[in-house]
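See below for the structure under consideration.
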There are 2 protein chains.
Amino acid sequence: MLTKEELEEYCKTARESYLPHISIDCVVFGFHEGLLKVLLLTVKNEGGWYLPGGFVLKDEPIELSANRILKERTRLDEIFLQQFHVFGDPQRSKQHFDMYKDMLPPKDNWFTNRFLTIGYYALVDFCDVNPSPDQFAATCSWCDLNDLPELKLDHALILKTALDTLRLQLNYQPIGYNLMQKEFTMPELQKLYETILDKKLDRRNFQRRMLGFGILKRSEKPRKGGAHKAPYLYSFDLENYEAALKEGFKGGW
Amino acid sequence: MLTKEELEEYCKTARESYLPHISIDCVVFGFHEGLLKVLLLTVKNEGGWYLPGGFVLKDEPIELSANRILKERTRLDEIFLQQFHVFGDPQRSKQHFDMYKDMLPPKDNWFTNRFLTIGYYALVDFCDVNPSPDQFAATCSWCDLNDLPELKLDHALILKTALDTLRLQLNYQPIGYNLMQKEFTMPELQKLYETILDKKLDRRNFQRRMLGFGILKRSEKPRKGGAHKAPYLYSFDLENYEAALKEGFKGGW
DNA sequence: CGCCGATAGTGTATTTTTGACACAAGAGTA
DNA sequence: TACTCTTGTGTCAAAAATACACTATCGGCG
C-alpha cells in the first residue's frame, strides 16, 4: 500500500506514460518435479497474491508491453508469451482499490479507473528462472497449481482461463518445448501432459505416439544418477516441431 | 466523412460516453448457398469497406458492448458472439484518420487517438438477417469470403484471424449450430465444414462421423423441390450438442 | 410413361490408429 | 547375487479412419 505522496507521484507518472483503462496481466507457467507452477507476487504492506501485471505505454505494441512488464516485474525476458483473453467486466477492479479511493479525487486517481485487462500466458523453463520482486512487490515466487493461495481481483478467473487455454492449445502451441528443459526424459514429458490435461496416460502408448510425431531427437547418453534404469534423454527437433504445429498434432488425448 | 461540425459533435459525445483508446470490431459470418459470407459496411462519402465496429461505454461489460454495437450497426441482436483477439499495434489506425487530423486539436480529436481493438466473431443464420446500414454507414452487405473487397485499416488482418480462429474452434464451439438454418441437409452441413476447413471431405465418411457424434436429429420429411433425390432434413439435438462440445469433437478433419 | 442425369442414402473391405496389457533390461541397494 | 524400482519395447484386439461402389429417388424430357 502506498502513502498519499507515493500515490500522487505514481498516478501522475501513470497518466503521463500509460494508456488509461487498459492493463495486462500475465500467467507465467513453469514445470518442475512433475508439477505445474505459476509465478505470483505479493504487494508490500498488503496481504494477498497477484498475477504480475502492468500497463501499456502510450505508443507501445501490446506484445512488447507484456514482455516489458514481465521483465520489469520478474526479470524474465524473451520468453514465450501468448495473448489469450480480455477481461472486461466493469466491476472487476471496482472495490479492489477502495483504500486509495479517498486519497485523491477520482479524475486524478489512476486506481479508481475502470481497467480492461488483457491476459497473456507465458511459458518458461522453470530452471532458468530466479524469481525476484520489483520495487512494488514484496515477494515473487512460484506457487504450485494444486496448492494456490487466494488471489486478489479476478486473478483466479484469469488463471483458470489461462489454464483452460493451455489445455485447448496443447496440440497447436509449442507448449512442451517452452516448459521443458532442453533435455528431458519421456516420463517427464508425459508428466507434463498428464498435469495439463489432468488425466493419466498410458506410458507405452504415450511414448509411441510422441515418437510418431517425429519431433523428438534422442540423445546418445541416458540420464544417470537415479536408483533405477537410466532413462534416455530427448530434445525437440525444432524444425519438425514447428512444421507439425502448423498442422496441429492430430488426435485427442 | 464528417464535416467539422459533425466531427466536433461526435468527438464530444464520444469522449463523454466511451472508454478512450478501446474499440471493438466484429466479424459477422453467415453461410448461404455453400459459401461463407462476411458482413461489411461502407461509410458515407468515402470509399472502402469496414468491419462493423464501435466503442465501449464507460460502464459497460465488453460482451454487451459487442452485442450493442452489432445491434446498432446491423440490427442483429442476441447472436452468438465470441471474443478472439486484441489488435494492439500503435500504428494500426494512425494514418487512417488523417483526413480529420487538422480539423480539431489532437486532445479533442477522438479519431487521432490510438485504439486497441478487441476482435469478436459472430455467427448468424444468413436467412435471419436483413442487413441495413446505420446512420454512419452507406451500405451494409454480405460479401463472399472468396471475393472480398479491399478492407480499410487492419480489418483484413482481423478478418483473417477470425477465420483462423473459426477453423481451430470448429470442434469446440457451436459453429455449425449457429451458422446453419434450423433444418438443413447433410450435404449442406458438409459444405460448411469444407468451406471453413478449405478442404474436400468424403461424403459418406462425413455422414457416418457426424451421425456418430449423436448430435443430429433426422426429421421425418425430406426436403422436396430439387430436381433430384430429396435429401433428409436434420436439426441439432441441442442437449447432446452442448454436452459433446464440452469434450470437443475428437479427431481431426 | 419410361429413360436419363443428377444427387442422396447406405454398405463393405482395407488400412491405420488407439487402447490395453506383459515382459525384459538396467541401476542402485541390501 | 537377489531384489526393487523404473524405463524400454512388443503384441494383440478393438475401434476408427479411409477408400470406394452400389442403390434409391427426384424432376425433366422424349
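The values are calculated or read from the model by the stated rules, or taken from the named source; none is laboratory data. Values in this document were obtained by computation on a predicted structure and should not be read as measured data. Neighbour counts are summed over all protein chains in view; Cβ atoms, including those assigned to glycine, are modelled from backbone coordinates with ideal geometry. Accessible surface is based on the protein model in full, side chains and every heavy atom, while ligands, DNA and RNA are left aside. Shrake-Rupley method; radii C 1.70, N 1.55, O 1.52, S 1.80 Å.
Ligands, DNA and RNA left out, the 1.4 Å accessible surface of chain A is 50% carbon and sulfur atoms. What the protein assembly as shown shows is 51 Å² of accessible area per residue, with the surface traced by a 1.4 Å probe over protein heavy atoms. Assuming charge only on the beta carbon of Lys and Arg (+1) and of Asp and Glu (-1), the dipole of segment A:121-170 about its Cα centre is about 160 debye to the nearest 20. The overall shape of segment A:1-77 is oblate: from the C-alpha gyration tensor, with semi-axes ordered a ≥ b ≥ c, the ratio a/c is 1.5 or greater and a/b is no larger than b/c. Rounded to the nearest 10 square angstrom, B:W253 shows an accessible area of 60 square angstrom against a 1.4 Å probe.
In terms of the Cα gyration tensor, with a ≥ b ≥ c the square roots of its eigenvalues, is segment B:181-247 rounded because a/c is under 1.5, prolate because a/b exceeds b/c, or oblate?
Numbers: a/c = 2.02, a/b = 1.21, b/c = 1.67.
It is oblate, given that a/c is not under 1.5 and a/b is not larger than b/c.
Taking a ≥ b ≥ c as the square roots of the eigenvalues of the Cα gyration tensor, the protein assembly as shown is classed as oblate, since a/c reaches at least 1.5 and a/b does not exceed b/c.
Take every Cα pair under 8 Å whose residues are at least 6 apart in sequence, average their separation, divide by the length of segment A:183-247, and the relative contact order is 36 percent. B:R223 sits with roughly 80 Å² accessible to a 1.4 Å probe, with DNA, RNA and ligands left out of the calculation.
In segment B:94-126, the residues that give up 50 Å² or more of accessible area when the other protein chains are added, compared with the chain on its own (1.4 Å probe), are B:R114, B:L116.
Given their separation in residues at 0.36 nm each and the Cα-Cα distance between them, B:E194 and B:K44 gain 50.4 nm when the chain is fully extended.
When both segment A:201-247 and segment B:188-246 are represented by their alpha-carbon centers, they are found 39 Å apart.
Per residue of peptide A:8-19, the mean number of Cβ atoms on other chains within 10 Å of the residue Cβ is 1. Placing R0 at 51 angstrom, the Cβ-Cβ distance between A:W253 and B:T3 gives a FRET efficiency of 0.30 after rounding to 0.05. Do the sum for chain A: with -39,500 (n - 2.57) for every DSSP H run of n ≥ 4, divided by all residues, what is the mean residue ellipticity at 222 nm, to the nearest 500 deg cm²/dmol? Per the formula, -10000 deg cm²/dmol. Set the Cα radius of gyration of chain B against 2.2 N^0.38 Å, with N its number of residues, and you get 1.14. Taking amide H as placed 1.01 Å from N in the peptide plane, A:V86 has its amide H under 5 Å from the amide H of A:G119, each at least 5 places away in sequence or on another chain.
Only bridges with both residues in chain A count here: give the DSSP antiparallel percent, nearest 5. So the antiparallel bridges in chain A amount to around 75 percent. Compared with the dominant principal axis of the Cα atoms in chain B, helix B:4-17 is inclined by about 70°.
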